[in-house]
Amino acid sequence: MNTIYILWLRQIKKYLRSKTRIIGSLGQPLLFLVALGFGFGPIFQKAGQGNYIQFLAPGIIAMSILFTAIFAGIEVIWDRQFGFLKETLVAPVSRLKIMIGRTLGGATVSVFQGTLVFLISLLVGFRPTNLSLLPITFLFMVMIALFFTALGTAIASVMNDMQGFHLIMSFLVMPTFFLSGALFPLTNLPTAISIITKLNPLTYGVAGIRDTLVNSVHLGLFTNALVLGALTVVIMGIGSYFFSKIQV
């Protein structure tokens with residue numbers, strides 16, 4: 001447990017020491033909230049869908065967690081190149097604990113990032129309809145963070161090239177985000193696109209956050225929690241396996 005705690009704390013300290021990283025990572029969510037929220041708001045309202053900020057904000061919260069979590073995996077490559085990972089792996093502790101500690105650290109940072117975006121969305125005009133469901137919102141944020149931090153770690157564990165990691169992540173992250181229902185309702189879509197959205201893990205996270213914040217039920221709160229929770233357990237197992245095979 002000490003190893004898990006130390007690695008968890010290290011991830012958080014690295015994040016908090018980088019004020020530029022904190023401020024910079026808020027730029028994109030703020031741009032989406034303001035530019036899209038107010039730009040497409042009148043069109044969304046004329047289509048009979050209501051206030052677009054209310055619809056958009058949960059998706060942007062999920063987006064900020066996704067981006068922060070999945071790119072936490074790059075620290076595996078960074079630590080490998082500068083020797084810190086080798087020092088960690090030769091310690092008399094299991095690689096599973098090391099993986100868990102790093103994943104929990106990255107997930108904590110991601111949830112903190114999502115919380116900041118939630119607070120910013122309140123300033124932009126977003127208003128949750130049921131504050132009593134905020135703990136469940138937080139649970140969905142945690143599951144999204146754990147899933148994508150573990151996914152990023154799994155991919156980084158089989159790569160040595162930082163540039164290659166960025167390319168793969170960019171190829172993976174943008175479709176995952178755009179086909180999650182974060183920006184538009186997942187209704188009346190072509191069959192092929194509808195199937196892809198149902199295979200997208202982030203879809204269930206976005207739907208869960210939106211269900212709890214604005215009571216906009218798409219797939220059902222229990223279904224969202226069950227699917228995302230199961231996928232999180234699976235991907236953490238896969239990530240642990242690949243991390244256990246990592247070569248330094």
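Values for this structure:
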| item | result |
| --- | --- |
| Per-region count, the range 170-193, residues over 28 Å from A156 (Cα atoms) and exposed (fewer than 13 other Cβ atoms within 10 Å of the Cβ) | 6 |
| Where S170 falls short, out of the listed (1) at pLDDT below 80; (2) under 16 Å from the mean Cα position of the chain (by Cα); (3) within 13 Å of A72 (Cα to Cα) | (3) |
| Selection count, the range 127-157, where residues are within 15 Å of G237 (Cα to Cα) and surrounded by fewer than 18 Cβ atoms within 10 Å (Cβ to Cβ) | 0 |
| The range 10-59 - residue that is aliphatic (A, V, I, L, M) and within 18 Å of F71 (Cα to Cα) and, of those, modelled with the lowest pLDDT | L16 |
| From V124, V117, residue being over 23 Å from I238 (Cβ atoms), touching a Ser or Thr at 6+ places or on another chain (Cβ under 6 Å) and of a type outside the set (D, E, K, R) | V117 |
| Helices (runs of 4 or more DSSP H) contained entirely in the range 189-248, each with at least 2 residues that are closer than 30 Å to G50 by Cβ and touching a residue at least 24 places away in the same chain (Cβ under 8 Å) | 201-214, 221-244 |
| Subset of the range 116-137 [touching a residue at least 24 places away in the same chain (Cβ under 8 Å), in a helix (DSSP H, G or I) and farther than 16 Å from G37 by Cα] | L116, L133, L134, I136, T137 |
| Hey, L134 of a type in the set (A, V, I, L, M) and touching a Leu at 6+ places or on another chain (Cβ under 9 Å) or not | yes |
| Flag for V109 being modelled with pLDDT of 85 or more and either of a type in the set (D, E, K, R) or exposed (fewer than 15 other Cβ atoms within 10 Å of the Cβ) (or both) | no |
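The values are calculated or read from the model by the stated rules, or taken from the named source; none is laboratory data. From a predicted model like this one, the values you see are computed outputs, not experimental measurements. Every residue, glycine among them, receives a Cβ derived from its backbone with ideal geometry; neighbour counts consider all protein chains shown.
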